[in-house]
Amino acid sequence: MPHDPFNAIVGPRPIGWVSTVSAAGVRNVAPYSFFNAFNYTPPVVGFSSTGYKHSVRNIAETGEFTWNLVTRAQAEAMNATSATVGPEVDEFELAGLHGVPSTDVAPERVAGAPVAFECRLTQLVRLTDQHGAELDAWLSLGEVVAVHIDEELLVDGVYDTARAEPVLRGGGPSTYFAVTAEQRFDMVRPA
């Protein structure tokens with residue numbers, strides 16, 4: 001097969017557009033498609049990084065990060081932040097992004113991202129295989145301590161997922177999807 005199908009089968013995956021700041025004060029923002037929510041109360045989100053990348057190092061040093069919703073309007077900027085650059089490079093500047101001060105953590109939020117979670121590290125786990133051998137992958141989990149939502153995304157007080165047009169990662173080297181209202185269907189869980 002020309003491309004490992006695992007990423008396509010487990011997909012589309014929400015993108016964790018994670019912003020951090022190093023102990024030296026350098027801003028970093030990077031997309032992670034191995035991202036999700038893991039707990040309701042308290043809310044915990046996390047992402048897995050293949051390799052001990054700048055985001056993981058910064059979170060290990062500072063214990064903080066923000067998650068920013070990637071929308072269709074910012075997809076190209078998100079893609080620019082996936083570039084492999086040195087730790088001294090400010091990826092906000094690299095992608096032409098502006099930061100917005102967070103309220104409870106040091107890493108800035110991405111301006112224009114209609115939803116952002118400010119997070120404090122709860123666990124940093126090096127993944128292992130079934131035999132206990134360490135992998136070159138780290139799972140960063142953080143408790144959401146502040147939430148920012150653009151009120152334009154609320155309909156009668158309920159968050160409208162499709163209104164934001166979030167971007168999700170598909171399989172293959174370049175496949176993405178946007179959630180739009182046309183894909184919506186409703187089901188009520190059985191009692």
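The values are calculated or read from the model by the stated rules, or taken from the named source; none is laboratory data. Quick caveat, the model's predicted, so the values are computed rather than measured. All Cβ positions, glycine included, derive from the backbone under ideal geometry; neighbour counts span all protein chains shown.
Given the conditions (1) surrounded by 11 or more Cβ atoms within 10 Å (Cβ to Cβ); (2) closer than 29 Å to N7 by Cβ; (3) free of Cβ contacts under 8 Å to residues at least 60 places away in the same chain, which single one is not true for S102? Every listed condition holds for S102 apart from (2). Contact annotation: residue pairs with Cβ atoms under 7 Å, 6 or more positions apart or on different chains, pairing a residue in segment 82-96 that is over 14 Å from S19 (Cβ atoms) with a partner that is among the hydrophobic types (A, V, I, L, M, F, W, C), are A83/L94; V85/L94; P87/V26; E88/V26; G96/A77. Applying a threshold of 9 Å to beta carbon distances and a minimum spacing of six or more residues, or different chains, the list of pairs starting in segment 135-164 at a residue that is of a type in the set (G, A, S) and surrounded by fewer than 16 Cβ atoms within 10 Å (Cβ to Cβ) and ending at one that is modelled with pLDDT of 95 or more and part of a loop (DSSP other than H, G, I, E, B) reads A146/S102; A146/T103; A146/D104; A146/V105.
Looking only at strands (runs of 3 or more DSSP E) that lie completely in segment 1-99, which have at least 1 residues being in contact with a Gly (Cβ under 7 Å, 6 or more places away or on another chain), among the small types (G, A, S) and under 23 Å from V125 (Cβ atoms)? Because the criterion is at least 1 residues that are in contact with a Gly (Cβ under 7 Å, 6 or more places away or on another chain), among the small types (G, A, S) and under 23 Å from V125 (Cβ atoms), the strands (runs of 3 or more DSSP E) in segment 1-99 that meet it are 44-50. In segment 96-110, what residues are small (G, A, S) and over 12 Å from R27 (Cα atoms)? Once the filter is applied, which keeps residues that are small (G, A, S) and over 12 Å from R27 (Cα atoms), segment 96-110 yields G96, S102. For segment 1-45, the candidate set comprises residues that are small (G, A, S) and either under 23 Å from A75 (Cα atoms) or touching a strand residue (DSSP E or B) at 6+ places or on another chain (Cβ under 6 Å) (or both); within that set, the residue that is surrounded by the fewest Cβ atoms within 10 Å (Cβ to Cβ) is A37.
Among the residues of segment 126-167, those that are within 20 Å of R13 (Cβ to Cβ), under 18 Å from the mean Cα position of the chain (by Cα), part of a strand (DSSP E or B) and among the aliphatic types (A, V, I, L, M) comprise A137, L139, L141, V144, V167. If the condition is being out of contact with any Leu (no Cβ under 8 Å at 6 or more places or on another chain) and not polar (S, T, N, Q), then segment 113-140 contributes F117, E118, C119, R120, H131, G132, A133, D136.
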